[in-house]
Amino acid sequence: MEQKEYTISVLTEDKPGLLNKLTIILSRRKININSLNVSTTEVEGVSRYTIVATATKPALEKVVKQIRKLVDVLGSFLYEEDQIYYQEIALYKLSLEVFQKNRLLETLIRQHGAKIIAIEENQIVIEKTGTKQETHELYETLQPFDILEFARSGRVAISKSKRRTEAFIRELETSQSNTLSIKEF
């Protein structure tokens, strides 16, 4: 079975200690986490974990089922790339001197849809939002100009389904089985 990158979205109650439980489930199955992001949702007290991992689909479906068994988890879903909207943010720090000597740099930054967010005495910081491939392309472009620092965030994703988080939670509270399929939304 082919391994590829999938996104796991987990809706949880906003309580401490859950991150450790989630990562243990993945590490026990020897699945490496490519990126992880935790954010608030539109529902107060509910957090969304966005986990990107590379594995086979059956292996990650088992992970999702295991995650659903955790007490503080409200829902867990597995997505392929075409089922979600997602973005990442990358920051690049370059020497101000290098930037000033190479007028081409400003053009390259604009061509990649990036922007300069800080100009300091000795350095500039560039921000690029996009897919991992897009942020990596800018990294490759800036590499000859001696990148001083580089950081990329984890994926932030929402599903393309018509599901509303609040409706899902309301339905979950009245459900007899205490688990709902994403297909029901």
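Within segment 44-51, is even one residue more than 23 Å from residue 134 (Cα to Cα), crowded, with 19+ Cβ neighbours inside 10 Å and among the small types (Gly, Ala, Ser)? Give the derivation first.
Kept after step one, since they are more than 23 Å from residue 134 (Cα to Cα), are these residues of segment 44-51: 44-48.
If we keep only those that are crowded, with 19+ Cβ neighbours inside 10 Å too, we end up with 47-48.
Next, from what is left, pick out any that are among the small types (Gly, Ala, Ser): 47.
So far as segment 44-51 goes, yes, one or more of its residues are more than 23 Å from residue 134 (Cα to Cα), crowded, with 19+ Cβ neighbours inside 10 Å and among the small types (Gly, Ala, Ser).
Just the residues that are under 30 Å from residue 8 (Cα atoms) and among the acidic types (Asp, Glu), please, taken from segment 79-112.
Correct list: 80, 81, 82, 88.
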Selection within segment 76-125 - surrounded by 13 or more Cβ atoms within 10 Å (Cβ to Cβ) and either at positive phi or basic (Lys, Arg) (or both): 93
Index of the failed condition, residue 103 passing every other in (1) of a type in the set (Lys, Arg); (2) at pLDDT 95 or above; (3) more than 18 Å from the chain's Cα centre (by Cα): (2)
Selected residue (criterion: nearest to residue 81 (Cα to Cα)) from residues of segment 112-147 that are of a type in the set (Ser, Thr, Tyr) and in a helix (DSSP H, G or I): 135
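Got at least one residue in segment 32-39 being aliphatic (A, V, I, L, M) and within 30 Å of residue 121 (Cα to Cα)?
Step one: of segment 32-39, the residues aliphatic (A, V, I, L, M) are 33, 36, 38.
Those left that are additionally within 30 Å of residue 121 (Cα to Cα): none.
The answer is no, given that none of the residues of segment 32-39 is aliphatic (A, V, I, L, M) and within 30 Å of residue 121 (Cα to Cα).
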Residue 146, sole failed condition from (1) under 21 Å from the mean Cα position of the chain (by Cα); (2) open to solvent by 80 Å² or more (accessible area, probe 1.4 Å); (3) of a type outside the set (Phe, Trp, Tyr): (1)
The lone exception for residue 167 - which of (1) open to solvent by less than 50 Å² (accessible area, probe 1.4 Å); (2) in a helix (DSSP H, G or I); (3) of a type outside the set (Val, Ile, Thr); (4) modelled with pLDDT of 90 or more it fails: (4)
Near pairs, Cβ below 9 angstrom, 6+ apart or cross-chain, from segment 77-96 (free of Cβ contacts under 8 Å to residues at least 40 places away in the same chain) to any residue that is open to solvent by less than 70 Å² (accessible area, probe 1.4 Å): 96/123; 96/124
Failed criterion for residue 173 (all others in (1) within 18 Å of the chain's Cα centre (by Cα); (2) open to solvent by 100 Å² or more (accessible area, probe 1.4 Å); (3) acidic (Asp, Glu) hold): (1)
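The values are calculated or read from the model by the stated rules, or taken from the named source; none is laboratory data. This one's a predicted model, so the numbers in the text were calculated from it and none came from an experiment. Every residue, glycine among them, receives a Cβ derived from its backbone with ideal geometry; neighbour counts consider all protein chains shown. When the accessible area is computed, the model is the full protein with side chains, heavy atoms only, and any ligands, DNA or RNA have been set aside. Shrake-Rupley method; radii C 1.70, N 1.55, O 1.52, S 1.80 Å.
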